[in-house]
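The structure under discussion appears below in the form of structure tokens.
Laboratory data are not the source of any read-out in this text; all were calculated from the coordinates shown. Model, not experiment: these values are computed from the prediction. Note: ideal-geometry Cβ built from the backbone for every residue, glycine included; neighbour counts use all protein chains shown.
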Amino acid sequence: MVSVNADGNSKALIQVRGLNKTYRRGGEPIQVLQGLNLDVDQGDFVAFMGPSGSGKTTLLNLLGGLDVPTAGSVSVGGDEITHMSSGRLTEWRARHVGFVFQIYNLVPVLTASQNVELPLLLTRLSRSERKQHVESALAIVGLQGRAEHFPRQLSGGQEQRVAIARAIVSDPTFLLCDEPTGDLDRKSADEIMALVEELVSKHNKTVLMVTHDPLVAARAHTVLHLEKGALVEAGKSPHSAAAGGAA
Amino acid sequence: MKFWSLIWANLTRKKVRLLLTLGSFAVALFLFAFLAVVRDAFNRGGGVAAANRLVVINRVSIIQTIPLSYRDKIRNIPGVENVTHDNWFGAIYQDEKNFFPQFVIDPDSQRQVYSELVVPDDQWNNFLKDRTGAIAGASTVKRFGWKIGDRIPLKTTIYGGGAWEFNLDGVYHGTRPGDDETQLWFQWDYFEERVPDRFKGQVGWYTVKLNTPDDAVRVAKAIDADFANSPYETKTDTESAWAAGWVKQFGNIEFLILSIGSVVFFTLLLVTGNTMAISVRERTGELAILKAIGFKNGSVLFFVLAEALTIALIGGLVGLVLALLAVPLVGQAMSGMLPPMVLSKPMLAEAMGFALLVGACSGLLPGLGAMRLRVVDALRRI
């Protein structure tokens, strides 16, 4: 269940309280997020929409521990991440966050399986265990037969599938997707979104996604708009209505 | 190592650039090895000089002679175990290009004073019985394809001119790495018999073997004091100081070689540093992704340093293998002009140490830059 008017007693997986983020540009402070609150439960699929510069990516970066807020807090599974040191935050990201970006960001000199294996290199898994995990992740995204292909030998949709496999291979607590279909044609975008939906419905993954595309956003349980630095609920999508919807 | 595939893949992503960088290291290490070999060759005299030997020359210069009569006086100085004497012969074998040193020796004391240069007893005994006999170093024998029993004609330009013929009675070998095996020795009696009168009874220098190296200073002073104010005053030094004096005649070889070596490595550092900086800048986005998915700052620094060190290691090894193959060939071509050219294990280790140091330094700045990279800023730039 997603809430943007959360109180202090929530037991949600992700809890955001009074989140502020201010940038300085040319000496002028620019407040991107203002006192933002958010609760996201395990298995929720949330889409963030809003005009360019509204702070969608900034919010995603703060939720993923890639950036630190000016004020406020972000807790995930009881871990308050806003006060973690850089080193601890890096370890936390490795365990809890799967990232999917608009332009895939695969390492071009590594094969699909080597790209997917990257997060597992940070674990204590043996080589054969890592291989098993990689094969499973590639099977989930339907790319078993492309394991030894390099990114340049794959289509855009396939590259994004590899990026999703890389994001889920270490079984993170939640996935952050920044415009995951922004670089794809409609057909490929539909396939990617079907895959993301499957991750939520079949594998109970929690997904937070930024998108400009209303059709893509409509696939989420909840669509939230960022306006003037605060989140506004856009209404229940058909999926979220079926699943119980936002509070 | 589980990160190796990532390091190797990044290393080989631009193959031409990799080959050129490896080539830079290989050429630099090849040159470094050669410079080290030449420096060692010039310093070899000092290196193989015995601590318990003194060399006595004419105080005016090495080309001025001293009387044979000094031998017994020197021998009687307390602390002296033995004395031998030599003359520089400086003759030509067939062609001036075939240079090798020839010495007139005292057979009675040669083997006692230069015990590290070994001649088999049977060959030495034949030499003693043969007035026109000669002993040659293994390197010179190999160079000219001589064999025992060969007749060796030498044409002297110093001692009245004319051809001198010798029978090769034996071959000597050095027992230590770097011992000079290029000399040819023949007997004092034969020399004394054939040289013009003005050279008779005159030796080039004495080599004095001491009972103990601790006596070196005292005995050297005693020898020079004995012949002070005579027509042939002497200058006595330890063998290593004497060898160093020879090297100084060529100029400051050490400084020259160190200067060239420093320039080579500094240039290499600039070239590889620039290459690594470009390589890291090209994949800012990838490094940001690695950091986003949980690779720590130290890991990113490690990857960049590992790439730089791998280039240094492979390039360095290629250069040193080429040097190992080339040094003996050049040494052969330079035979007689320089002491034996040896590329020793310490030199190889020193060269590889320098290569790895340059590799580490060239990777350090780009690596630190990658380490400090803010993921959010880097992702915004993609």
> With each label point set 7 Å from Cα along the Cα-Cβ vector, what nm distance links A:ASP190 and B:GLU282?
Replying inline: 4.0
> Quick one: net charge of A:LEU195's neighbours, Cβ under 14 Å, K/R +1, D/E -1?
Replying inline: +1
> Just in the range B:214-314: which chymotrypsin sites (Phe, Trp or Tyr not before Pro) are loop by DSSP and have at most 11 other Cβ atoms within 10 Å?
Replying inline: B:PHE250
> Could you give the nm distance between label points at B:ASP121 and B:LEU270, where each point is 7 Å from its Cα heading toward the beta carbon?
Replying inline: 6.5
> Can you give the average number of partner chain beta-carbon atoms within 10 Å of each beta-carbon in peptide B:281-294, as a whole number?
Replying inline: 6
> What average count of beta carbons from other chains do you get within 10 Å of the Cβ of residues in A:161-171?
Replying inline: 1
> Using the alpha-carbon atoms, what tilt in degrees (0 to 90, nearest 10) does helix A:127-140 show relative to the longest principal axis of chain A?
Replying inline: 70
> Considering every residue in B:11-17, what mean count of other chain Cβ atoms within 10 Å of its Cβ is obtained?
Replying inline: 1
> R0 = 25 Å: FRET efficiency of A:GLU135 with A:GLN42, Cβ-based, nearest 0.05?
Replying inline: 0.45
> Under a plain spin-label model, where a point goes 7 Å from the Cα along Cα-to-Cβ, how far apart in nm are B:ASP72 and B:ASP377?
Replying inline: 9.0
>> Show me the helices of chain B, taken as full DSSP H stretches, that run 27 Å or more along their long axis by Cα and average 1.6 or above in Kyte-Doolittle hydropathy.
In response: B:297-333
> Taking the Cβ of B:GLY162 as the center, what net charge do the other residues with Cβ under 9 Å away carry, scoring Lys and Arg +1 and Asp and Glu -1?
Replying inline: +2
> Taking the Cα centre of chain B as the origin and placing charges on Cβ (Lys, Arg +1; Asp, Glu -1), which of B:VAL280, B:TYR190, B:LEU18 is farthest toward the positive end of the dipole?
Replying inline: B:VAL280
>> Under the 0.36 nm per residue contour assumption, what length would be gained going from the current alpha-carbon distance of B:ASN98 and B:ARG198 to full extension?
In response: 33.2 nm
>> Can you compute the charge dipole magnitude of chain B about its Cα centre, using +1 on each Lys and Arg Cβ and -1 on each Asp and Glu Cβ, nothing else charged? Give it in debye, rounded to the nearest 20.
In response: 2500
> Once the other residues with Cβ under 11 Å from the Cβ of A:THR70 are scored (Lys, Arg +1; Asp, Glu -1), what is the net sum?
Replying inline: +1
>> Can you say what percent of the DSSP beta bridges in chain A, counting only those with both residues inside, are antiparallel? Round to 5.
In response: 55
> Pairs of lysine in the range B:60-232 with Cα under 30 Å and at least 8 positions apart or on different chains: total?
Replying inline: 19
> By how many nm would the segment from B:ASP214 to B:VAL27 grow when fully extended, if each residue of separation counts as 0.36 nm and the alpha-carbon distance is taken off?
Replying inline: 62.8 nm
> Based on the Cβ-Cβ distance from A:ASN204 to B:ILE260, what FRET efficiency comes out when R0 is 51 Å, to the nearest 0.05?
Replying inline: 0.15
>> Residue by residue through the range B:68-74, what is 3J(HN,Hα) from phi via Karplus (6.51 cos²θ - 1.76 cosθ + 1.60, θ = phi - 60°)? Round to whole Hz and write x for glycine and proline.
In response: 5, 5, 5, 3, 6, 5, 5
> How would you classify chain B from its alpha-carbon gyration tensor, with a ≥ b ≥ c the square roots of the eigenvalues: rounded for a/c under 1.5, else prolate if a/b is greater than b/c, otherwise oblate?
Replying inline: prolate
> Nearest 0.05, what FRET efficiency do B:LEU19 and B:LYS147 give at R0 = 51 Å with Cβ-Cβ as r?
Replying inline: 0.60
> Residue by residue, what Karplus-based ³J(HN,Hα) values in Hz, rounded to whole numbers, does the range B:162-168 have, using 6.51, -1.76 and 1.60 with θ = phi - 60° and x for Gly and Pro?
Replying inline: x, 9, 10, 10, 10, 9, 7
>> Amide H of B:GLY170 versus every other amide H placed in the peptide plane: which residues, excluding those fewer than 5 positions away on the same chain, fall under 5 Å?
In response: B:ALA134, B:ALA136
